[in-house]
Structures are given as C-alpha cells and as structure tokens.
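S.K.: This is the structure, below, for whatever I ask next.
The values are calculated or read from the model by the stated rules, or taken from the named source; none is laboratory data. Quantities reported herein were computed from a predicted structural model and do not represent experimental measurements. Note: ideal-geometry Cβ built from the backbone for every residue, glycine included; neighbour counts use all protein chains shown.
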C-alpha cells in the first residue's frame, strides 16, 4: 500500500508545484538577526535582475540610514509610499494598491514580519505579500528567524526578549526560494560595534543583551535549521511530485495531546517542528472528560486554533480515561508518534492524579512517545487569551448569594430558636450553604459556609453575640458544620455545573437541529439564504446576513442594507476578500478590520458559496470563542445545503437537456421517414420506367408516372408544412385574414389530396347557408388538408370521411371525422404535440405527428381553437374559428 | 416453363406497393400485397409466397414481430426494406431471421438483384460441396479456396469465415451471425476479431481494403460477399 502511494505522483504535491507556477514566486532572504545583511543582499540580487531586463519595483525598503544599502537602492524604480496619520504621527507604509496597479514582474518588500499601521487593508505585511503573489507578482522579502511562528517561543527563551511580530510558518513553506544570509556571530558583533547595524535608541539596552555571542550562536543555529528544513521540504515535494520511490518510511501520523492550559502552546509548537522534520501529517487532540470544566474552554480553543494555524488537523474526543482514548485514537489513525507535555495529567475519578506522560510510557508501548518539557521561564503564559480574564473568580453575585442565604438562615433560626435546640439550628445554616452552592456555584458555597459558620457561632452558641465558644459540644457542632457545609456545598455546586453543561450541550444540539431544519425546508436558493440569515441572527443574537458569491468570486451586495447605509464599501471589500481568499475578514480579523461586519466564508471541498456576515458595530461585543465555533459549525451546514441545491440544479438542467435531445431525435426520425417515403415511390417508379419500360404495359407506366407526380406533390406539401412550422415558431408568418367560405376551403383541400383519399368516400355536409369564417384562406386550406390527409392515412380504405360544419352566434365549428381506430381519451391532449403519434408504443410507425401540431399552430394564429371531439367511432377533429363580421349591404 | 415466383409485398404506403407491384410484375414475378403486419402473417400461411419484401414500419405490429412470427414455421426468404436512420432496427431484423435488407429509397436494379440472390440461396439450400462466388471457388470437403484458379492458403478460422459468407453469397451477414458461426456464442460481441480476420481474408483474396470487391463492409451491420 505504502509503496504504491508513494510511486504515484501525489496530487497535492503536483498541485503545490502547479500553484507555484501560477502565483508569483516568493523569495525570502532569511537571517538569524538584524544586521546580517539581508536587505543588502536582496538589493544586490534585485540589481542583477534589473540589469537582466526584469521589471523590478521597490515596494518598501528600509535602509535605516546605512550608506551601502542606500547606494544599492539608487537607480531601482520605487513605488511612492503611502502616508498615513496615526495618533498624530505621520507614518509611511507600503502602497499595496499602487504596487498592484503598477504590476511589476518583481517587487521588493522588506521586513516580512512588519505590522501595518491600523487602517491599512491588512493587519500584517505578509498578508500584503500574499496579495501580491496572488496577483502573479514575484516578491523578494527579508525575514529574521525569530519572527517565524514556530520558532517564536524558542527565541523568546533563548534571548529573553519577547517578539510580538510573527509570521505563520506556512509562508516559508510557500516560498519558492529561501536564501540564508549567514554571518558569523563575531563578525556581526563587530559590525554592531562599528555602528553598522540599525538599533533604535529605546531598545538599545535590551538589544545589548540580545546581541550577546551566545544568543547569536543560538539564533544562527535556528536560522540554519529553518533553512535546512526548508531544503528537506523542497526535496520531498519534488520527489513526490515526480513519483520517485525514495526511502519513505511508512507514513504515519503525529499526534499531539493538548489540554486547556497555556503550557500546551509550547507543546504544539514543538510538535509542529517534529512533524515538519519527519514530514508527517499531524493532529492535535483534546480529550474531554466528564468533569472537564467549561471555564477553560477559551484557552482550549486558542490552543486548537494555534495548532490549526500551524497546519494540524484537530479533534476533540470524549471519554473517561484520557490515556486510553489517546491510544485508541492513535491506533486507528495510524500514528507513529505521540507528543505529550510533561505537565499534563490523566484524571481518573477516585484516583490520585497521575502524569499522562508516565501513563503513556507504561501503556502505549507500540508508539514513539515524545515528552516535551514545560517552558522554563513560563513564557508560554505570556500571551493570555482574553476570555481567560473574562470570568473573575469572585463575582458580586457570589457575595450577594452567600450573604443573602446566611442572613435568611439567621432570621429563620431566630424565629425558630424558642422551639428547638442549637444543633438543629445548625442544619438550617447547612441548608443555606447548600442552596448557595446550587444556585451560585463553588465560590458562593464556600463563602456561604464561612459566613453561615460565623453567624451561627455569633448568634446561637454560648456565649451569645461573641465569636468565642464555651461549650465543648458546640465546638464539635461547629467543626462538623463547617466540614459538612463545605462538602455539601461543593457537591451542590458540581451538580449545578454538570446540569449547566448538559443544558448547554442540549441547547447546542437543538440549535444545530433547528438550523438544519430551517435549511432543509428552504425551497430555493433565495429562501435558503434568508432562512440561514434569520437562523444565524437568532442563534448569535447579532444581525447576520448571508451573501452569495457570484461568478466573479465577489459577494452579491445586500441592496437593502446598502441603501440603509449599513453596508459600506469597506464591508463589501471585506466580504469580497473573504470569498476570494477563503478566509475570515472584516472586524476582529487581520484583514480590513475597519469594516463593521465580520465575514466567514461558506466553503466546502474547496468551493466557496458565499459569506456569512455578522454585524459588529463599534458598540457591540465581538464574537467570542463559543460563538465563533458555532459560526463555523453552522457554516459547514450551510455549505452542505448550498452544495445540495447546486447538485439539484445540475440534475434538473441535465433532465431538460435530455428532453431536448429526445425531441431532436424524434424530429430527425420523423422528418427522415416522412421525407423518404415519397422518395421511395418516386425513385422506384422512375428506375422501373428506365430499366423495365419495355416490359411494363403502357397503362401501368401511366400509373407509375401518376404515382411519382402525386408523391412529389406530397413531398412539396410536407416541405411547405415544415417551412410554415419554422416560420410559425419564429413568429414570421403573416396572416391575411378575410371572410372565407368554408365549403371553398374544403373543396380546395380535397383537390390537393386526390391520391391520399382515393380509397375513401368523402362526404361534405356543409349547409350552403353557413356564414363565412374570419380566416386566412391558405392556412385554413392547409389545416383542412392536414386533417383530411390524416383521416385518409389512418382510417382503413373503403370507409367514409365526413366533413361538417355549423355556426353559433360568434363562431363557426368545422369537424373532420373518420372511421379509423380513433384516439384513446388519455392521449387526446398530446396528439397536438410536435411529433407525437397516437399508439406510439409499437415502434412500427415511426412517423410524423407534424400535421396536427401545425394545424393547431395555424388555427390558434387565426384566433381559433382545435381539439378532438367525442365521437362514437373513429377520430373527430373539431376546429372553432371566429365568424367573419357581417357585411351590411350598402 | 417454371412457375413465376410469388413475392409478398408488405408496406403500409399505397404508392410504394403500387410501384413494387408494377415493377415486380414486369420483372416476371407474381406479386401479392399486404398493408399491415397481421395481413402479412396471414398471407404467409395462406398464399405461400416464395419471398417476402417487408417494411419495418407497419401501423399495427412491428416488422420484427412479423419476422419472428413467420420464422416459427418457415425459412422462406425475407428481405427487409428500411431507411438508413435505424441501423439498430436493421440488425435486430437480421438477427430475428431476415435474410437481407435493402435500404430505402432503392433503385429497381438493386432490388431485383437482391431478390434473385435470396431466391437462389434458398433454392440451393441442399448443401453444395463447391461454392462459386465472384471469381472464387470454395471446395468445402477439400478445404480449398481458389481465386481465378490459383490456390489460396487460408487458416482454418479464415476458411470458416469465408465459408459462412459464401453460403450467404450476395446477402448481408451480421457481425453477430458471423461471430457465432465461426467463434461461438461466447464471442458474439467481439467485433474486433472480425475486423482482423476480414482484413487478412481481403489480403489473401487480393482485395483492396479501401475499395473491396469481394468482401464488402455494411457499416454497423456486417459483411457481404459480393457475387
């Protein structure tokens, strides 16, 4: 299996290569520290390119006043920078739009990790670079190793300086080329001493430490590692793309165990590096146990989001025994390696805490286990997630509940005091602590226990109204009371929390169910979007819109919102960006944060159907982690619904096409049969006359000639019918309506059909007094000819064909009736369809249903109606036409 | 003088029957007519025709059903008259037991030639050990084929194939009939065998692949050995 997998070129690898060719190419000049000469090298290479005739433009390059660098910059075409005012300071930024418009072959954009001035399109410069690459522009850029996301915390630990500007590792993986600018640490320190390295004054002291020889050696090591990993990566992509059977290990998966602590962040980054080095796909898993607290949820979400950002799959598993769940998952997912943090615990109920790492070492013996040490200086805690602070450990509600319940117990106790002893009174206070736990949670319960204990001591133990206790029995009561109230309160609190969790998860399921039901009942696309928007608004408690992606990969603008001024150009730009880049955009994100909406693309298997927009005006709260998760889940459902609609449309259009094709086939068969039949007689008669004339009696020769002429006329009628039908369907038939005598029309039709009706007796039963019809004489003649020809064709010879007519106050009815097989009632409505023939089930009669269809067209064009009348025997076709206006003799 | 062969004309078009009647009469046959499938089956029993000219598009039952009904009790030759557009109908008719087909519209000479070929094949059904067709002489007991007196060396399969074609000389043989007769029922759909062997046969018989004069291709239907 593994063998064949590797020999076939992997589609992902081919795709990755193909994408590199379409997009612009990114070259990163990677350095270990500022001052190693990245910018200098970049400019030197760019000058060479310029000399080769490449269209180079400088987007932004910081020379920091270095003269050598300035000299290199001279002569390179520059795009003017954008000036922005932020907090009354004038700042200069890369002018992305100008650069995109100029569209050079190669753009120079210094300092990839730079954070843009607020108000720019993207929060980070690397996002600008992405856009340039998307536009097909090659980009040269510079980057120091400490800015790489997965190296960030190592650098922090080595140098003690926290670096806030990071770029995702993905960008270095995307780069077409990474050039390592290496400078031995001693040389760098020398340059620093000579003042050749730009260092802002404010940071000088911190940087003195930063540029110590030890730090620089470590950083250089890191840069070399990043570059060499990158080289490995290139090699493996190349080998896979070209299906070279290399020494691939059986490809397993790397599993990293994540918990809801800050320490996990470091574990995740380590796992990312391990996975990269070994070219393993990796998954971050979290095991949710029955007692897992929901309060740490935000931290967990942040951890999983980080893993996902670093390229991992994520999974949340449930189970009581963490270790066993992990091993089971690893086994079913072909894991090769499990990465776990040293500090993680296996929490078994009624069991002392145990290290997860130790448990795995003991039990998961068929996996390679990697244990990651906790960060020494705890720098992992350096970036708290906002929601962690959101819930304070003690709220005023807890205090109020504790005091309230204690006071209540005191009042009741005072009232009951005359009737009962002090030990029973203690039970009332116990009840108060239990209530506090049940309604307020753990903190309220503990607080209430303490207050109740004090109050009881103060009010009901001797000596009264003092906190001292005389009676040894009271001491026992008090101690037991405190212990019991603690335990009961905690139990109540836990019960409450579990009930709350259960309620939350029920509500979540109901929410999803409700949402999917709304989507399922939508009847069309528009309905679906409206239903989704309404559902989302209710679920999130915020205004939501759902915008469809149009053919240009932009969002269809919400017209009403635009008119109301609630959807501005920035919002539209953010929505378009979200669709175009398949990433979130707008408020609260790194892209176009100035927008008033937060946009999540609706996507499934690489296809974008639209965006969900959540309205977040400046006054409202943002979207919290729980809501965001909900939003992504709902997005998936919505995408599935959109996909379903699209498939349904495709199926429908396929059906229509099939119907059109079968009509075309019927047309061909019909025309071919009807045109050829007369030709058979004509060809046959003529060849017989040529080849056998000496043997054919003269009388028969005449009959042959007569037949040939008759058939030629029939062919002519047929062609006339076809032409008229075409003209009719194009509306090009000109009517010349006048008062027409029906008897004239009938006799004219019969005269056209001498051959066809030769075997039949035709009775024309039209009273001479019948008023004229208002019709086109030629068309009426043709209609009657068609009807009579059908009668002649389908009714057996020797039978009678009858034509009669009668008048009403405003219409004339003409009926052509035969004694043929008749048309079943069920088919009467369809015989007027083009190419329909009664009794088509037997494929014997391939043939034309054109006559009736054309007749119907003509009659309707003349303002009349045609239909099959009820008759005892055979077929009766009835035409209704308007009466000609009465002519008043002058 | 031999009695005039009786031909049954089955067609629902009056004008076609008229010209066939006159033509066949003049060519020395005794034509009788039927305008529906049922009449045709009746006529086959009651009037004992020597050959049937059958239109596939009949108003009551399909021509193929007529062939099947007739083939239950007699091997009398049936020539199908059909338009070009329904190749599959033609193959179905031939598979159902029709002996040949003539494509509409047709000339008198072609029709008469086909009638003669079918009548001759039918009358000579008593196995003739030597078949002569179009300059070829096939001696079945001797397994010998001569072209213009020259011995032609054929493989057993090539000989079998030529034999089937020669026994139906002048008439079309469907792909399926040829495959079943030479290779057996299992190979009835392996039309590529035929292409290869017919190519080899044509080469050995000195036939030009582009304009063959012995083994003619009937696209979508089969092959015909020209007499």
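S.K.: Right, residue A:280: modelled with pLDDT of 65 or more and assigned to a helix (DSSP H, G or I) or not?
M.R.: When the stated conditions are applied, residue A:280 does not pass them.
S.K.: Against the definition (within 14 Å of chain B (Cβ to nearest Cβ) and touching a strand residue (DSSP E or B) at 6+ places or on another chain (Cβ under 9 Å)), how does residue A:774 come out, yes or no?
M.R.: no
S.K.: Looking at the range A:778-819 only, could you name the residues that are within 17 Å of residue A:867 (Cα to Cα), within 14 Å of chain B (Cβ to nearest Cβ) and surrounded by fewer than 22 Cβ atoms within 10 Å (Cβ to Cβ)?
M.R.: A:789
S.K.: Limited to the range A:689-699, what total is found for residues that are in contact with a helix residue (DSSP H, G or I) (Cβ under 7 Å, 6 or more places away or on another chain) and either at pLDDT 90 or above or more than 8 Å from chain B (Cβ to nearest Cβ) (or both)? Explain how you work it out, then say what you get.
M.R.: First pass over the range A:689-699, keeping only residues in contact with a helix residue (DSSP H, G or I) (Cβ under 7 Å, 6 or more places away or on another chain): A:689, A:691-693, A:695-696.
With the extra rule that they be either at pLDDT 90 or above or more than 8 Å from chain B (Cβ to nearest Cβ) (or both), the set shrinks to A:689, A:693.
Number of matching residues: 2.
S.K.: Now a separate question. Among the residues that make up the range A:737-755, is at least one of them touching a helix residue (DSSP H, G or I) at 6+ places or on another chain (Cβ under 9 Å), modelled with pLDDT of 80 or more and within 14 Å of another protein chain (Cβ to nearest Cβ)?
M.R.: For the range A:737-755, residues touching a helix residue (DSSP H, G or I) at 6+ places or on another chain (Cβ under 9 Å), modelled with pLDDT of 80 or more and within 14 Å of another protein chain (Cβ to nearest Cβ): absent.
S.K.: Do we have residue A:679 as closer than 21 Å to residue B:109 by Cα, surrounded by 18 or more Cβ atoms within 10 Å (Cβ to Cβ), at pLDDT 85 or above and within 11 Å of another protein chain (Cβ to nearest Cβ) here?
M.R.: So residue A:679 fails the test.
S.K.: Test of understanding: among A:665, A:708, A:712, which residue is in a helix (DSSP H, G or I), more than 9 Å from chain B (Cβ to nearest Cβ) and within 22 Å of residue A:758 (Cβ to Cβ)?
M.R.: A:712
S.K.: Right, another one. Among the numbered criteria (1) assigned to a helix (DSSP H, G or I); (2) under 20 Å from residue A:408 (Cβ atoms), which one does residue A:465 miss?
M.R.: Exception for residue A:465: condition (1).
S.K.: Within the range A:371-413, how many residues are within 30 Å of residue A:338 (Cα to Cα) and either surrounded by fewer than 17 Cβ atoms within 10 Å (Cβ to Cβ) or at pLDDT below 50 (or both)?
M.R.: Counting residues in the range A:371-413 that are within 30 Å of residue A:338 (Cα to Cα) and either surrounded by fewer than 17 Cβ atoms within 10 Å (Cβ to Cβ) or at pLDDT below 50 (or both) gives 15.
S.K.: Counting residues that are within 12 Å of another protein chain (Cβ to nearest Cβ) and closer than 23 Å to residue B:92 by Cα, which strands (runs of 3 or more DSSP E) fully inside the range B:1-71 reach at least 3?
M.R.: B:51-55
S.K.: Tell me the strands (runs of 3 or more DSSP E) entirely within the range B:150-219 that contain at least 2 residues that are closer than 30 Å to residue B:111 by Cβ and touching a strand residue (DSSP E or B) at 6+ places or on another chain (Cβ under 8 Å).
M.R.: Result: B:172-174, B:215-218.
S.K.: Follow-up question, since we're still on this one. Testing residue B:75 on (1) away from chain A (no Cβ under 13 Å); (2) over 26 Å from residue A:794 (Cα atoms); (3) crowded, with 16+ Cβ neighbours inside 10 Å, one condition comes back false. Which one is that?
M.R.: Residue B:75 satisfies all of (1) away from chain A (no Cβ under 13 Å); (2) over 26 Å from residue A:794 (Cα atoms); (3) crowded, with 16+ Cβ neighbours inside 10 Å except (3).
S.K.: Looking at the range B:79-98, is at least one residue at pLDDT 90 or above and part of a helix (DSSP H, G or I)?
M.R.: Looking through the range B:79-98, none of the residues is at pLDDT 90 or above and part of a helix (DSSP H, G or I).
S.K.: Only one of (1) more than 11 Å from every other protein chain (Cβ to nearest Cβ); (2) within 16 Å of the chain's Cα centre (by Cα); (3) part of a loop (DSSP other than H, G, I, E, B) is not met by residue B:106, so which one is it?
M.R.: That leaves (1) as the condition not met.
S.K.: Residues in the range A:576-589 that are surrounded by 24 or more Cβ atoms within 10 Å (Cβ to Cβ) and closer than 18 Å to residue A:97 by Cβ: how many?
M.R.: Qualifying residue count, the range A:576-589: 2.
S.K.: Right, next: Buried (at least 18 other Cβ atoms within 10 Å of the Cβ), on the phi > 0 side of the Ramachandran plot and in contact with a strand residue (DSSP E or B) (Cβ under 8 Å, 6 or more places away or on another chain): which single residue out of A:592, A:540, A:536 fits that description?
M.R.: A:592
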